[in-house]
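Values in this text are rule-based calculations from the coordinates and carry no lab data. What you see is a predicted model, and the numbers here were worked out from it, not measured in a lab. FYI the Cβ positions are ideal-geometry reconstructions off the backbone, even for glycines, and counts take in every protein chain you see.
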Amino acid sequence: MKFIRPFRCMTAQKILRLSFIIIIPFALLSCGETDTAINQEPEKIEFIIPSNFPAPVYNISRNPITTDGFILGRTLFYDGILSRDGTISCGTCHQQSAAFAHAAHDLSHGIDDQLTLRNTPALHNLAWQKEFFWDGGVGDLDLFAINPIQAHNEMDETLPNVLNKLRQSAKYPPLFKKAFGSDSITLERFLKALSQFQLMCISSNSKFDKYQRGEASLTAEEMQGKTLFDNKCTSCHKGTFFTDLSYRNNGLTIRNKADSGRAKITLNSDHLYQFKVPSLRNITETAPYMHDGRFSSLEKVLDHYDKGVKDSPTLDPLLRQGTILGIPLTAEEKRLIIVFLATLKDDTFLRNRLLSQQ
Amino acid sequence: MKQLFLSYTLRALIVATVFSFFSSCSDDHTTAPDATKTGSIILEFDNVAGDDEFTFNKEYTNAAGEKFTTTILKYYISNISLVTTSGTVYTVPQDISYFLVDESVPTSTKVKLSNIPEGDYKEVRYTVGVDSVRSTMPIEKRQGALDMSGQGKDMYWEWNSGYIFFKMEGSSPAINEVENNFRFHIGGFGGYSAQTINNIKTVTLSMGTTPATVRSDIAPEVHILADILRVFSGNRTIELAKNPSYMFSRSSVDIANNYMNMFSFDHVHNDAAHSH
């Protein structure tokens, strides 16, 4: 039985817990041993819910993830053909090594070097997210990609053009045929393939995940940091994903008045300058921080919560305790919280070659 | 078909004469409806400007006395129902009840509905815009007029997912800006998870005394006038000089409350099927 051997490297149980079931040609998994047996079976992609995750929000039964659908989605994600002049792909701004955020960019450059309005967020565990954008303007992952493609400062292309370019290419009709049974290229198939790739960007193997599943333990310092975090941060950065997915104003000074945040979507002045509470998974890799990328380090973020919180009519009440604004923190507390946040880094995800440009 | 070379009055006169001939003809000979049979009906949305035929780039004057010309005019008509003289309501199946009336696409102004049970219909009801349920449906439920890569390509806000229900653009010398353009992009279905503006409007038009007699061999054409001057007046007079741009904003509600009243029933043409 050819599948027994690779499992030598990890327990079968661990393999099942991986968010991907990967059946890679035999030689690759034999841990460096010379083995001439060649298993012709291609890598197989399956959407598996990690045991420490809740049920996903995305209805997978509407868009069952297949190996070919995923491969098509990945090809599209990394292809500049989605932009007007062929120069910008989704992967230009969403880089795997930065958990699909944009490393070292407060704002990102789209086509013709134009700046985006906001900081590029990490893309991970999107199947568990109900709304997208810093302001939650899009309520369905499938509909999301329309925005970067058509935004004049990102890819500046139109949907009819993108689909026509794909239809006329030599490469894509066969890929659509493999994924969906015929080479007809429709908006629905295009968007669903892109979603299949993005849905598989599951980060569930950080040290913290392993701790949650009882597979690893945290050091004394990491535990101290966790206790501080639980006391001071989890009212907003809650649960397995470190966000309650709500929109809040965490007291940043207003730098761009035109970006009113959640109020842009609801037209409600109670929502002025509220932004989505971001997940903190892989947070050590996604600098700079906040919706406009204003903080270059986690130290600066914690200094903000400690001393920088600015009062305003929509400041979140949790950050105003009597006359005290923000979350007072000692230098040691800040250090320990950052030690804990580092346990959210998931190397398996950041280096998973299945998610990389091929 | 628009007969642009005839003055509107002359045209109306001819249409009325022809129409009275046909309607009296069908009144006399139409058989009783057979509920087991179906036919079709056409709703023609004829954009007009007051008493004039509406055309792009022609100058009209709005209620505020401002002259303007138009370059884009399109709107969604959806969720159509027909009511018989005895009060029975026939609702077009939702999946095929979305239409984009686009002044630049002549065929789009005639909304053809098929598989309608035979009947004498006296009332038509429809939504201007896209209902909130459809507005949150997954991509596979957005076909035809709702396909953002097809007919619906310029009628969708990708940053705030939702359809633009009504789009009108043009220019006016009254607008005192470098570009004297006006833009009305009106939408808003109420919001995904938090409440926001709702510009979904429903319209009910009575066809008066002559019903539309749908038969397997009669495909009535219901002629509906859409008076675009009413976009600027009614609920609130719009002054382009004050605000030339209405998009996703609270004030967009004023435009929607105006245009919901721009529709009026003109006449029905109970003509033999296949003549259109």
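Values as computed for the structure displayed
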{"quantity": "Cα-derived Rg over Rh, computed across the range A:102-205 with Rh taken as Kirkwood radius", "calculated": "0.99"}
{"quantity": "Over the protein assembly as shown: helical MRE at 222 nm, DSSP H runs n ≥ 4 each giving -39500 (n - 2.57), nearest 500", "calculated": "-6000 deg cm²/dmol"}
{"quantity": "Mean separation of Cα contacts under 8 Å (6+ apart) over length of the range B:39-269, as relative contact order %", "calculated": "26 percent"}
{"quantity": "Residue list for the range A:254-279, given a label point 7 angstrom along the Cα-to-Cβ vector of B:Glu177 and an amide N cut-off under 11 Å", "calculated": "none"}
{"quantity": "Those trypsin sites (Lys or Arg not before Pro) in the range B:58-149 that DSSP places in a loop and that have at most 14 other beta carbons within 10 Å", "calculated": "B:Lys58"}
{"quantity": "Phi to ³J(HN,Hα) by Karplus 6.51 cos²θ - 1.76 cosθ + 1.60 over the range B:97-107, Hz, x for Gly, Pro", "calculated": "10, 10, 9, 10, 8, 10, 4, 7, 10, x, 5"}
{"quantity": "Area projected by the alpha carbon convex hull of the protein assembly as shown, averaged over all directions, nm²", "calculated": "35.6 nm²"}
{"quantity": "In the range A:119-212, trypsin sites (Lys or Arg not before Pro) in a DSSP loop with at most 16 other beta-carbon atoms within 10 Å", "calculated": "A:Lys130, A:Lys171"}
{"quantity": "Nonlocal amide H pairs with A:Ala101, under 5 Å, H built at 1.01 Å", "calculated": "A:Gln95, A:Leu123"}
{"quantity": "For peptides B:30-39, A:308-317, sequence by mean Cβ density within 10 Å, most packed first", "calculated": "A:308-317, B:30-39"}
{"quantity": "Farthest toward positive dipole pole in the range A:227-267 [+1 Lys/Arg, -1 Asp/Glu at C-beta], among A:Phe242, A:Phe229, A:Ser260", "calculated": "A:Ser260"}
{"quantity": "In sequence order, calculated HN-Hα J values of the range A:147-156 (Karplus, 6.51, -1.76, 1.60; Hz; x Gly/Pro)", "calculated": "5, x, 5, 8, 5, 5, 9, 10, 10, 6"}
{"quantity": "Cα-based equivalent ellipsoid of the range A:165-280: semi-axis lengths in Å, sorted from largest, via gyration tensor", "calculated": "38, 27, 10"}
{"quantity": "Cβ-Cβ FRET estimate between A:His109 and B:Asn235, R0 fixed at 35 Å, reported to 0.05", "calculated": "0.20"}
{"quantity": "The range A:245-261 - phi-based ³J(HN,Hα) in whole Hz, Karplus 6.51/-1.76/1.60, Gly and Pro as x", "calculated": "6, 8, 10, 8, 9, 9, x, 6, 5, 7, 9, 10, 4, 5, 8, 7, x"}
{"quantity": "Residues whose placed amide H lies under 5 Å from that of B:Ala64, excluding near-sequence neighbours", "calculated": "none"}
{"quantity": "Percentage, to the nearest whole number, of Cα pairs in the range B:39-269 over 29 Å apart", "calculated": "28 percent"}
{"quantity": "DSSP beta bridges in chain B [antiparallel fraction, %, rounded to 5]", "calculated": "85 percent"}
{"quantity": "14 Å beta-carbon shell around B:Ser97, net charge (K/R +1, D/E -1)", "calculated": "+3"}
{"quantity": "Bins of 10 Å, starting at 0 and running to the largest distance - Cα pair percent for the range A:108-156", "calculated": "24, 54, 21, 1"}
{"quantity": "Positive dipole terminus of the protein assembly as shown, leading residue within B:Gly190, A:Leu272, A:Leu163 (C-beta point charges)", "calculated": "A:Leu272"}
{"quantity": "Label-zone membership for the range A:211-250, site A:Ser51, 7 angstrom Cα→C-beta point, backbone N under 12 Å", "calculated": "A:211-216"}
{"quantity": "Lys, Arg +1 and Asp, Glu -1 on Cβ, resulting dipole of chain B about Cα centre, debye, nearest 20", "calculated": "580 debye"}
{"quantity": "For the range A:87-211, with +1 on Lys and Arg beta carbons and -1 on Asp and Glu, the positive-most of A:Phe133, A:Gln95, A:Ile149 along the dipole", "calculated": "A:Gln95"}
{"quantity": "Sparsely packed GluC sites (Glu not before Pro) within the range B:35-110, loop by DSSP, other Cβ within 10 Å at most 13", "calculated": "B:Glu59"}
{"quantity": "Potential extension, B:Ser206-B:Asp95 segment - 0.36 nm per residue separation minus Cα distance", "calculated": "37.5 nm"}
{"quantity": "Size descriptor, Kirkwood hydrodynamic radius, that averages inverse alpha-carbon separations across the range A:140-179, Å", "calculated": "11.2 Å"}
{"quantity": "Dipole magnitude of the range A:211-344, debye to nearest 20 (Cβ charges: Lys/Arg +1, Asp/Glu -1, about Cα centre)", "calculated": "420 debye"}
{"quantity": "Surface/4 of the Cα convex hull for chain A, nm²", "calculated": "19.8 nm²"}
{"quantity": "Rh (Kirkwood; distinct C-alpha pairs) - the range A:84-123, Å", "calculated": "10.2 Å"}
{"quantity": "Share antiparallel - DSSP beta bridges, chain A, percent rounded to 5", "calculated": "90 percent"}
{"quantity": "Cross-link reach list, lysines versus A:Lys257, counting only Cα pairs under 18 Å and skipping chain neighbours closer than eight places", "calculated": "A:Lys276, A:Lys310"}
{"quantity": "Fraction of alpha-carbon pairs over 17 Å apart in the range A:211-344 - percent", "calculated": "61 percent"}
{"quantity": "Largest-first principal axis extents of the Cα set of the range B:46-151 (Å)", "calculated": "44, 38, 25"}
{"quantity": "Pairs from B:Lys37/B:Lys167; A:Lys345/B:Lys141; A:Lys192/B:Lys112; A:Lys210/A:Lys307; A:Lys171/B:Lys153 whose Cα-Cα separation, in the structure shown, is over 27 Å", "calculated": "B:Lys37/B:Lys167; A:Lys345/B:Lys141; A:Lys192/B:Lys112; A:Lys210/A:Lys307"}
